[in-house]
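Student: The structure that follows is given in the form of structure tokens.
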Amino acid sequence: MGRRPFVAGNWKMHNTLAGARELMRGLRDGFDTSWPVDVAVCPPNPLLYPMGKEVDGTAIKVGAQNVHFEAQGAFTGEISPEMLKHAGCTYVIVGHSERRQIFGETGQFLRKKVSAALKEGLEVIYCVGETLNERENNATIRVIERQLGEGLEASIDLSRVTIAYEPVWAIGTGRQATPDQAQEVHAFIREKIGGVFGPREAGEIRILYGGSVKPSNAEGLLSCPDVDGALVGGACLVADDFLSIISTAARTKTS
Ligand code: 13P
């Protein structure tokens, strides 16, 4: 069986309760349950529980944007995998480039987060991506390889991991990777996973593209054989735009 498409929305630091409810209800009401696609929404932490309630009993799942690897303790400002689970999360994003760049999260740190989240039964969306400088210096493949190796221990249960390729230069810039650029990196990621985890794992793992995905460019990106879905930032803050990307994934990946 082919890989089921997956579209996740990363709200980043946007929305308060009233606006979030409106957005989530728009999404819930517009989502066609016959679309063969997995959907997740990742709101800021204070909205996880109420947003989980909004989509309770529907196919839309909620995820967090970050997690700490310790189970509990004196870690002011941090949230444990168990807390996310109890707040209703199915997914958690780990290693987003904004966490790496702005908050200095290192590979070693991220590896612990991935393992701790999986241990708690969460599904992980692990992000990788090169900067513009790295791309221009032909370092893209090397950077992606390093980030994969740092974050994903060979002993983890990869069936609950999704990888998101998000070129840093394409995030929030309106400048997307071309389908060829995305396909090249996605194919490399799959090959690399095959080498470390095995051919079955490589064939089954879902690799999402993220970086300025919008309704107008979704089809081209999602048509690539190794692009299994999208991790959407800005466009997921508008219900109709996010629904359009979801329906494009359902149509493109299953036709
Ligand atoms: P944009 O879609 O706003 O470029 O953000 C992508 C992203 O970072 C999703 O995690």
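Student: If you check Asp157, Asp180, which single one turns out to be over 19 Å from Arg3 (Cα atoms) and open to solvent by 40 Å² or more (accessible area, probe 1.4 Å)?
Tutor: Of Asp157, Asp180, the one residue that is over 19 Å from Arg3 (Cα atoms) and open to solvent by 40 Å² or more (accessible area, probe 1.4 Å) is Asp180.
Student: Inspect all residues belonging to the range 23-41 and state whether any of them is farther than 27 Å from Ala250 by Cβ and open to solvent by 10 Å² or more (accessible area, probe 1.4 Å).
Tutor: Checked against the condition, which is being farther than 27 Å from Ala250 by Cβ and open to solvent by 10 Å² or more (accessible area, probe 1.4 Å), the range 23-41 yields no hits at all.
Student: Could you say whether any residue in the range 66-83 is under 29 Å from Ala239 (Cα atoms), touching a strand residue (DSSP E or B) at 6+ places or on another chain (Cβ under 9 Å) and within 16 Å of the ligand (Cβ to nearest atom)?
Tutor: Taking every residue of the range 66-83 in turn, at least one turns out to be under 29 Å from Ala239 (Cα atoms), touching a strand residue (DSSP E or B) at 6+ places or on another chain (Cβ under 9 Å) and within 16 Å of the ligand (Cβ to nearest atom).
Student: Sort through Gly95, Gly129, Gly172, Gly151 and tell me the only one that's within 16 Å of the ligand (Cβ to nearest atom), under 17 Å from the mean Cα position of the chain (by Cα), open to solvent by 50 Å² or more (accessible area, probe 1.4 Å) and within 27 Å of Val62 (Cβ to Cβ).
Tutor: Testing whether each residue is within 16 Å of the ligand (Cβ to nearest atom), under 17 Å from the mean Cα position of the chain (by Cα), open to solvent by 50 Å² or more (accessible area, probe 1.4 Å) and within 27 Å of Val62 (Cβ to Cβ) leaves just Gly172.
Student: Mind listing whichever residues of the range 170-200 are in contact (Cβ under 8 Å) with a residue 40 or more places away in the chain and in contact with a helix residue (DSSP H, G or I) (Cβ under 7 Å, 6 or more places away or on another chain)?
Tutor: Matches in the range 170-200: Ile171, Gly172, Gln176, Ala177, Pro179, Ala182, Val185, Phe188, Ile189, Lys192, Ile193, Phe197.
Student: Right, next: Being away from the ligand (no atom under 16 Å from the Cβ), farther than 23 Å from Val92 by Cβ and not aromatic (Phe, Trp, Tyr): is that true of Arg200 here?
Tutor: Yes; evaluated as a whole, the condition is true for this residue.
Student: With (1) assigned to a helix (DSSP H, G or I); (2) at pLDDT 95 or above; (3) of a type in the set (S, T, N, Q) as the list, and Gln108 as the residue in question, which single condition is left unmet?
Tutor: Unmet condition: (2).
Student: Looking at Ala164, is it more than 25 Å from Val67 (Cα to Cα), buried (at least 18 other Cβ atoms within 10 Å of the Cβ) and within 16 Å of the ligand (Cβ to nearest atom)?
Tutor: no
Student: All but one of (1) farther than 22 Å from Phe109 by Cβ; (2) more than 16 Å from the ligand (Cβ to nearest atom); (3) hydroxyl-bearing (Ser, Thr, Tyr) hold for Ser216, so report the exception by its number.
Tutor: Here Ser216 meets the rest and fails (2).
Student: Right, here's the next one. Which one is most open to solvent (accessible area, probe 1.4 Å) among residues in the range 1-21 that are away from the ligand (no atom under 16 Å from the Cβ) and touching a residue at least 40 places away in the same chain (Cβ under 8 Å)?
Tutor: Of everything passing the filter in the range 1-21, Arg4 is most open to solvent (accessible area, probe 1.4 Å).
The values are calculated or read from the model by the stated rules, or taken from the named source; none is laboratory data. Small disclaimer: the values here were computed from a predicted structure and weren't measured. Quick reminder, even Gly has a Cβ in these numbers, built from the backbone with ideal geometry, and neighbours come from all protein chains shown. These accessible areas exclude ligands, DNA and RNA; they are computed on the full protein's heavy atoms, side chains included. Shrake-Rupley method; radii C 1.70, N 1.55, O 1.52, S 1.80 Å.
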